[in-house]
Amino acid sequence: MIADAHVDLLLELAHRERRLGETGVFARTWLPLLEAGGVGLQVCPVYVDHAVQPEGSLREALALVAAFHHALDESPDRLVQVRSVADLDAVERGERIGLMLSLEGVEAFGVETWPADVFHELGVRMAGLTWNLRNAFSDGAGEEGGGLSRLGRELVDRLVSLGVILDLAHASRGAFDEILDRVSGHPVLCSHGGCRAIHETPRNLDDDQLRALADAGGLFGLMLHPIAIGPERRTIAGVIAHLEHAADVVGVDRVCLGGDFTRRLWEAMPVPALPRDGLTPPGLEPGSGIDGLTGPERYPSLVSALRERGWPDADVDAVTSGNLLGFLRRSLAPA
């Protein structure tokens, strides 16, 4: 089984529903891909493109949440929404694919903290405060030196009180450190990123950050995208190099997968010009992917490569599913 901490599939679902008037989208598009790849748990982020901010932020976010719930309603025999530990039972038995809602940035909140309660009620169980840019709550990875605002500290406290897992992917270095200090003992992870020791980019974590995350009981999710892996090593071998480095630094039990597969999104829907501060390396074409690992349906290739590399079956199972599932069992409410 594969447990994946981050794929932006809701962008395609919402586009097809709102712009093209389609129904049953998930069952026709992403469900076959997840099934082909053996994905048993998929975290589905809500991301609001900066082209529609600030006026359209809440509307866009709710459109993605609606698409998420439509997918669940249309395939009740195949899917379960993961809100609590109890929802993981069917996932681990292989009876349902679990979908969990997350926030990749809280721009939809405007300058208020109370929307956290609403999104939690809708099923959000993981949240990052930013994408790469600065918002009212925090600086993102594309900014230098800044951390949380006063409002951001209030929001972090509110998310903690709701039991929402804090996602440090896309956080600035200052925000990363400040959140870890502020939420000591509360579940944290980096859902999708890379190892800065292998590929230098603000989106990746250096070894000190990896250790700090592990010391906090968190997980590091490897982003399977050239932005994190490196344009010059966009192969499965390059992916394994990141996995092995992270495992060497923090232990194999603190590493998981955060696919962030984007090629299909560029093929399936019109995408505007690359956003400012997307941290895309020069020359990396839009819709790029890892050779041989461009979507969830190709996960068996990664599993095979890890075994050929000599990884023990227990370590392969831990990184591909066990670590994230165990983390969620420790982090979510019982029921």
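Please treat every number below as a calculation from the coordinates, not as lab data. This one's a predicted model, so the numbers in the text were calculated from it and none came from an experiment. Counting neighbours? That spans all protein chains shown, and the Cβs are built from the backbone with ideal geometry, glycine included.
Things worth noting here:
- Using just its DSSP H runs of length 4 or more, each adding -39500 (n - 2.57), the chain gives a mean residue ellipticity at 222 nm of -11500 deg cm²/dmol after division by all residues.
- Summing charges over neighbours of GLY128, with a neighbour being any other residue whose Cβ is under 10 Å away from its Cβ, gives -2 when K and R count +1 and D and E count -1.
- Distances between placed amide hydrogens fall under 5 Å for LEU332 paired with no residue 5 or more residues away or on another chain.
- A protection proxy built from the mean count of other Cβ atoms within 10 Å ranks the segments 37-50, 112-125, 318-331, most packed first, as 37-50, 318-331, 112-125.
- Once the Cα-Cα distance is subtracted from the 0.36 nm per residue extended length, the VAL52 to ARG93 segment shows a gain of 10.7 nm.
- Subtracting the Cα-Cα distance of ASP206 and ALA335 from their residue separation scaled by 0.36 nm leaves 42.9 nm.
- Long-range tail of P(r) for segment 48-199 (Cα pairs > 24 Å, %): 35 percent
- Unit charges at the beta carbon, dipole of the chain: most positive-side option, MET223, VAL160, HIS70: HIS70
- Counting all C-alpha pairs of segment 2-331, share separated by more than 37 Å (%): 7 percent
- Extending 7 Å from Cα along the Cβ direction at TRP114 and again at ASP73 yields two label points whose distance is 2.6 nm.
- Within segment 180-335, DSSP assigns beta bridges of which about 10% are antiparallel (rounded to the nearest 5).
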